[in-house]
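Novice: Questions regarding the structure given below will be posed in turn.
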Ligand SMILES: *Cc1c(COP(=O)(O)O)cnc(C)c1O
């Protein structure tokens, strides 16, 4: 634990850096070693044994080999665990690698191979579970159906809140109660520990695509799972065997990203709340999806999630074509998948992030998802304003010209 750092913001800056002063450095060292000199076979072997079992390296034997342990990555893990209020955390090469390891660890720990997946989920997660690659039997359901969906063989319940891309909120403690002792994994990518700490509501595993808000600058791919010591050991065992490691450079960048996470998320949220409110009254926008709006999760805001976050989805009045034209016309927003960075992004979930999801669970083709960055709110509003206006006019012009008699077409 970090001495003197009690508040979340102080922890974000100092966690995982507890020994830097003793080392005589100010920035965390980046250790790129793939292997480590062994004091002797006996001590090295004992340390290997400890890490292969999911534990830490022993002081006498050292880290042995980078697939077992890396100190730069371990600093990020320790910091994230402190922010998520869990005992430990284990980092992976991507969010999907973290999800894969979580399912494998749950199967190994619990013995069953049944997974309950609460929809809507991130497209990649939905697809991974359905793919057959993990040899699990999956029941997809809605939050209120979890109690009926679990069986004696359920090894994991997977839930995401806020959901992607509809931003619906799910009551984590209600899912935990309904799971009746089966492990519950919460994908906390959209909320971040700044706004929501699922472990405090009973979640066993808290997963992040660290690629998004934790890194925050669009230049790192990574994943991490925060959990108690037992689950973390199980996840480390899976990681040591399957090898989906976070690279130490990525570990350094993710650790650095945590220091500014609170101020980034709060500022982005402030801008998003203002834009969401404004978007509701824009011509051409049929619906705005944002926590707290139209009663979405109102009871959970404040109790489970401290604020609505910085992701917004909108439904366009002119359907799929209209949505496509908006993504063509934005200038300050970047038309790109991913989210949670310092710059604003816009994308079409049905065509991209949720493409592998079966049609009945896929978001509407008239929906766009916006990740709000750190730009000035007036610039973002002006960009959306011109893109929405141009997209509507474009539609009218095209419709008029194709309908016009004698237009030569
Ligand atoms: C992006 C994302 C993932 C997958 O993470 P990668 O780092 O892209 O592998 C999982 N869950 C959510 C909610 C995401 O947005």
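Novice: I'd like the distance separating the alpha-carbon centroids of region 176-205 and region 342-386, in whole Å.
Specialist: Rounded to whole Å, the Cα centres lie 25 Å apart.
Novice: Here's another thing I want to ask about it. Pairing the Cα long axis of helix 319-329 with the longest principal axis of the chain, what angle in degrees results, from 0 to 90 and rounded to the nearest 10?
Specialist: Result, in degrees: 70.
Novice: Let me ask something else about it. If I fit a long axis through the Cα atoms of helix 377-403 and take the longest principal axis of the Cα atoms of the chain, what angle between them do I get, 0 to 90°, rounded to 10?
Specialist: Orientation of helix 377-403: about 50 degrees from the principal axis.
Novice: Among bridges DSSP assigns within the chain, what percent are antiparallel (round to 5)?
Specialist: Details: 23 of 42 bridges.
Beta bridges within the chain, antiparallel portion: roughly 55 percent.
Novice: Subtracting the Cα-Cα distance from 0.36 nm times the residue separation, let me have the gained length for residue 32 to residue 332 in nm, one decimal. Could you put the intermediate results ahead of the total?
Specialist: Working: separation 300, 0.36 × 300 = 108.00 nm, distance 3.72 nm.
Between residue 32 and residue 332, full extension yields 104.3 nm more.
Novice: Treating the angle as unsigned and between 0 and 90°, give the value, to the nearest 10°, between the Cα long axis of helix 41-52 and the longest Cα principal axis of the chain.
Specialist: 30 degrees
Novice: Right, something else. Classify region 54-201: rounded, prolate or oblate, from the alpha-carbon gyration tensor (a ≥ b ≥ c, eigenvalue square roots; a/c under 1.5 rounded; otherwise prolate if a/b is larger than b/c)?
Specialist: Values: a/c = 1.93, a/b = 1.52, b/c = 1.27.
It is prolate, given that a/c is not under 1.5 and a/b is the larger ratio.
Novice: Follow-up question, since we're still on this one. By its C-alpha gyration tensor, with a ≥ b ≥ c as the square roots of the eigenvalues, how is region 169-242 shaped: rounded for a/c under 1.5, else prolate for a/b larger than b/c, else oblate?
Specialist: On the way: a/c = 2.62, a/b = 1.18, b/c = 2.21.
Cα axes put region 169-242 in the oblate bin.
Novice: Would you please put 156-169, 209-222, 241-254 in order of how densely packed they are, using the mean number of other Cβ atoms within 10 angstrom per residue and starting with the highest?
Specialist: Numbers: 156-169: 24.6, 209-222: 22.9, 241-254: 19.6.
Descending packing order for the listed peptides: 156-169, 209-222, 241-254.
Novice: Rounded, prolate or oblate: pick one for region 261-402, where a ≥ b ≥ c are the square roots of the eigenvalues of its C-alpha gyration tensor, a/c under 1.5 means rounded, and failing that, prolate if a/b is larger than b/c, else oblate.
Specialist: Taking the square roots of the gyration eigenvalues as a ≥ b ≥ c, region 261-402 is prolate.
No value in this document is a laboratory result; all are computed from the given coordinates. Owing to the predicted nature of the structure, the values given are computational and were not obtained by experimental measurement. Every residue, glycine among them, receives a Cβ derived from its backbone with ideal geometry; neighbour counts consider all protein chains shown.
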